[in-house]
Amino acid sequence: MVKHRESRPGQKTTGGLGAKPRRDMPGKPPAKPAHASRPAKPSRDHGERVIEPRDAATASAAPERPLIARIGERPMERVPVILESLGAGDFHLIDSGNGLKLEQYGPYRIVRPEAQALWPPSLAAHVWDNADAIFTGDTDEDGMGRWRFPREALGETWPLQLLGVDFLGRFTAFRHVGVFPEQIVHWAWMKEQVETAKRPLKVLNLFGYTGVASLVAAAAGAEVTHVDASKKAIGWARENQALGRMEKLPIRWICEDAMKFILREERRGNKYDIILTDPPKFGRGPNGEVWHLFEHLPLMLDICREILSPKALGLVLTAYSIRASFYSIHELMRETMRGAGGAVESGELVIREAGLDGRTPGRALSTSLFSRWVPK
């Protein structure tokens, strides 16, 4: 197994080889709370619509064009690749188990549902009981949930930092807090590409959500186009930009359906050096469009290939909450990039437990599948 361990450059704590093995704390592991026995389905949304809101807000069913018949050899492959983070900026995973995860986001300790955490927790119940915020779903697994604050009421937002970029965490009705820290491995890779390219790069961030990746790319020196169909998400991204006093960075904030946008870019002949795409599993767009990942992903990647520049440095795809092997998107990416040379590396993004101190490695929690084409 090829294993890549990537972490935030300059972060205060690091894990990996030579790290001291953790010792489980004594005490009875926390039982899974009754109110969390049926957590809301994982959805990557900001709470604007009822059915997988972020998915719906960024969904697409743009007029189809036929797939281009690709010829030539498929790119080399590197599989499986596990991209692992022990922590990212103001975030680390403290513990997990019983279908829950205990995380540190800046000053707050947060408990959220996590279906992948099949094992019992390592830390004692009193550690979990000391959480500042706990997310609980309602009886409808596709519906909104609520936050409970056991110790004291907390404000809606609070400042966080990742890869030198300031942004706002927010307690949303759909469990998310405004950032998916496991993607630090992609963002750190992108940041390095931009900083070492020795030429101006154009980055396209599709389904860009709250803009953290866009700000990382722009701060590194790229010209960025950020696309999300949700006005709420775009507004949050602009808040993040203002928080870090980054208003002068070259970012275009585009509030539009992602598929419609890239089809128009293809017609116009616009090109990008790096494309990040984080499409939803299912959703309905603002004008009734319907997006199904398995039906529409091939066309989306096909268009993305067409708008890659001749000297492109990467096309990155992440996929959450789907019942598929990473090999499915891996083979699709290789077919899409047939004749382009380079390599396709695919696998999973994982976050490793880091304990209360943020530097005691524990178990790895899988978060998503990914596939990434690179030119060499």
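Identify, from the list Val212, Val165, Val179, the residue that is touching a strand residue (DSSP E or B) at 6+ places or on another chain (Cβ under 7 Å) and under 19 Å from Glu247 (Cβ atoms). Just a single option satisfies the conditions, and that option is Val212. Closer than 19 Å to Val81 by Cα and open to solvent by 10 Å² or more (accessible area, probe 1.4 Å), is that true of Glu331? For Glu331, the condition - closer than 19 Å to Val81 by Cα and open to solvent by 10 Å² or more (accessible area, probe 1.4 Å) - is met.
Matching residues to (1) touching a residue at least 24 places away in the same chain (Cβ under 8 Å); (2) among the hydroxyl-bearing types (Ser, Thr, Tyr); (3) closer than 26 Å to Ile82 by Cα:
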residue	(1), (2), (3)
Pro107	yes, no, no
Val111	yes, no, yes
Pro120	yes, no, yes
Asp129	yes, no, no
Phe135	yes, no, no
Phe149	no, no, no
Leu168	yes, no, no
Gly178	yes, no, yes
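Apart from one condition, Pro181 fits all of (1) farther than 21 Å from Ser321 by Cβ; (2) under 22 Å from the mean Cα position of the chain (by Cα); the exception is (1). Does region 142-160 hold any residues that are more than 30 Å from Met246 (Cα to Cα) and not in a strand (DSSP E or B), and which are they? Result: Asp142, Gly143, Met144, Phe149, Pro150, Arg151, Glu152, Ala153. Counting the residues of region 237-269 that are without any contact (Cβ under 8 Å) to a residue 12 or more places away in the chain and out of contact with any helix residue (DSSP H, G or I) (no Cβ under 8 Å at 6 or more places or on another chain) gives 7. Take Thr367 and decide whether it is in a strand (DSSP E or B), farther than 20 Å from Ile68 by Cα and of a type in the set (Val, Ile, Thr). Yes, satisfied. Taking the criterion of being among the small types (Gly, Ala, Ser) and either crowded, with 24+ Cβ neighbours inside 10 Å or not in a loop (DSSP other than H, G, I, E, B) (or both), the only residue of region 161-177 that qualifies is Gly169. Counting the residues of region 312-341 that are part of a loop (DSSP other than H, G, I, E, B), in contact (Cβ under 8 Å) with a residue 60 or more places away in the chain and of a type in the set (D, E, K, R) gives 1.
Taking the numbered list (1) crowded, with 24+ Cβ neighbours inside 10 Å; (2) out of contact with any helix residue (DSSP H, G or I) (no Cβ under 9 Å at 6 or more places or on another chain) in turn, Ala197 passes all entries but (1). When the residues of region 291-310 are filtered to those that are outside any helix (DSSP H, G or I) and touching a residue at least 60 places away in the same chain (Cβ under 8 Å), the one that is most open to solvent (accessible area, probe 1.4 Å) is Ser309.
The values are calculated or read from the model by the stated rules, or taken from the named source; none is laboratory data. Computed from a predicted structure; not experimentally measured. Cβ coordinates were reconstructed from backbone atoms using ideal geometry, including for glycine residues, and neighbour counts include every protein chain displayed. All accessible areas refer to the heavy atoms of the entire protein, side chains included, with ligands and DNA or RNA removed. Shrake-Rupley method; radii C 1.70, N 1.55, O 1.52, S 1.80 Å.
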